[in-house]
Amino acid sequence: MTAHGLDYSGRRVLVTAGAAGIGLAIASRFKGLGASVFVTDVDEGAVERAEREGFAASVSDVSSEAHVAELMEEVESALGGLDVLVNNAGIAGPTGPIDQLDGDAWRRTFDVNVHGQFYAVKHALPLLRLSDAASIVNLSSAAGRLGMAGRSPYSASKWAVVGLTKTLAIELGGEGIRVNAICPGAVNGPRISAVIEAKAGMLGRPVEEVSELYHAQSSMNRLVEPEDIADMAVFLAGPLAKNVNGQAMAVDGNTEKLY
Ligand code: NAD
């Protein structure tokens, strides 16, 4: 690493769900800073596009332990090891009042958002233990610090991510493996548009009105950009954050209430 601490030359990074959305912004930022980056995604078309953009990539569903175990073999053979794991994969889950939520949709939210991170950490550890400065960055959410009416499985799953992060930081810190989380506010992109639409449907209010509420969640009255999350990821994963462990870092323009 150079003096400014953001040179990732020679570093090997895996970003789950890294072929689109926030994951792609994170993967691109690491690549731009010199890292060898592997992305995985459940979407075949997105993986093909990522390969064309110069990423090592493969298709996998992080909610399958068998897929994740195989993924780590692919990462090892493509990158020769692993220094940074970014557990970015996460789905929005269903929107609705708790008594109207479907059990399968609830379980699926946890399968991807929580169990996916468990599998990735479990199977990445043999590689991370060989790194001289390993780091794990887990994607939580502002909904992992606050409640969010109508999004109970999502919010509960993202609180679980923070609990996992804090526990792993203690378990692995002694080995020099740091574990932190990022809690983004509403991020500009297709996902938040779909969430706003679902929320408007649930509340019976116009989409534009709910969109304004989502902007106003931030004291800066704007959505977060995917690149803002990438900036936090490269900070947390590198030596500038060498004594930052077990933290859930908000990147939300100061959000105190979620709609
Ligand atoms: P997104 O919905 O745009 O999806 C990004 C990618 O995830 C897609 O390419 C999709 O194919 C992939 N994916 C979905 N399920 C997968 C699985 N089981 N295995 C592998 N890949 C899978 O997501 P996003 O908005 O970029 O969010 C990325 C992360 O940030 C998530 O963990 C999300 O919960 C979190 N987050 C997002 C926001 C937001 O406003 N978008 C806010 C806070 C936190």
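So which residues in region 27-43 are within 9 Å of the ligand (Cβ to nearest atom) and either surrounded by fewer than 23 Cβ atoms within 10 Å (Cβ to Cβ) or not in a strand (DSSP E or B) (or both)?
Step one: filter region 27-43 for residues within 9 Å of the ligand (Cβ to nearest atom), giving 40-43.
Residues satisfying the conditions are Val42, Asp43.
Quick one: in region 189-199, which of the residues that are crowded, with 16+ Cβ neighbours inside 10 Å and near the ligand (Cβ under 8 Å from one of its atoms) is farthest from the chain's Cα centre (by Cα)? First the steps, then the outcome.
Residues of region 189-199 crowded, with 16+ Cβ neighbours inside 10 Å: 189, 191-192, 195-196, 198-199.
Remaining after also requiring near the ligand (Cβ under 8 Å from one of its atoms): 189, 191-192, 195.
Numbers: Gly189: 15, Arg191: 13, Ile192: 15, Val195: 17 Å.
Result: Val195.
Filter region 129-167 down to residues that are β-branched (Val, Ile, Thr) and in contact with a strand residue (DSSP E or B) (Cβ under 7 Å, 6 or more places away or on another chain) and give me whichever is farthest from Val210 (Cα to Cα).
Let us first name the residues in region 129-167 that are β-branched (Val, Ile, Thr), namely 136-137, 161-162, 165, 167.
Applying the additional criterion that residues be in contact with a strand residue (DSSP E or B) (Cβ under 7 Å, 6 or more places away or on another chain) yields 136-137, 161-162, 165.
Values: Ile136: 34, Val137: 31, Val161: 27, Val162: 27, Thr165: 31 Å.
Going through the qualifying residues, I end up with Ile136.
Specify which of the listed residues (Gly253, Gly246, Gly238, Gly189) is within 24 Å of Ala20 (Cα to Cα) and touching a helix residue (DSSP H, G or I) at 6+ places or on another chain (Cβ under 8 Å). Walk me through how you get there before you give the answer.
Numbers: Gly253 fails: touching a helix residue (DSSP H, G or I) at 6+ places or on another chain (Cβ under 8 Å); Gly246 fails: within 24 Å of Ala20 (Cα to Cα); Gly238 fails: touching a helix residue (DSSP H, G or I) at 6+ places or on another chain (Cβ under 8 Å).
Step by step, each of Gly253, Gly246, Gly238, Gly189 is checked, and only Gly189 is within 24 Å of Ala20 (Cα to Cα) and touching a helix residue (DSSP H, G or I) at 6+ places or on another chain (Cβ under 8 Å).
Quick test for you: out of Ala50, Ala78, pick the one residue that is modelled with pLDDT of 95 or more and within 15 Å of the ligand (Cβ to nearest atom).
Values: Ala78 fails: within 15 Å of the ligand (Cβ to nearest atom).
Going through Ala50, Ala78 in turn, the sole match is Ala50.
Determine whether Asp61 is among the acidic types (Asp, Glu) and within 18 Å of Pro239 (Cβ to Cβ).
On the way: among the acidic types (Asp, Glu): yes; within 18 Å of Pro239 (Cβ to Cβ): no.
Taking the combined requirement at face value, the residue does not satisfy it.
Can you list residue pairs whose Cβ atoms sit under 6 Å apart, with the first residue in region 46-69 being under 20 Å from His123 (Cβ atoms) and outside any helix (DSSP H, G or I) and the second being more than 11 Å from the ligand (Cβ to nearest atom) and among the aromatic types (Phe, Trp, Tyr)? Count only pairs 6 or more apart in sequence or on different chains.
Ala56/Phe38
The values are calculated or read from the model by the stated rules, or taken from the named source; none is laboratory data. All values derive from a computational prediction rather than experimental measurement. Methodologically, a virtual Cβ is constructed for each residue, glycine included, from the backbone with ideal geometry; neighbour enumeration extends over all protein chains shown.
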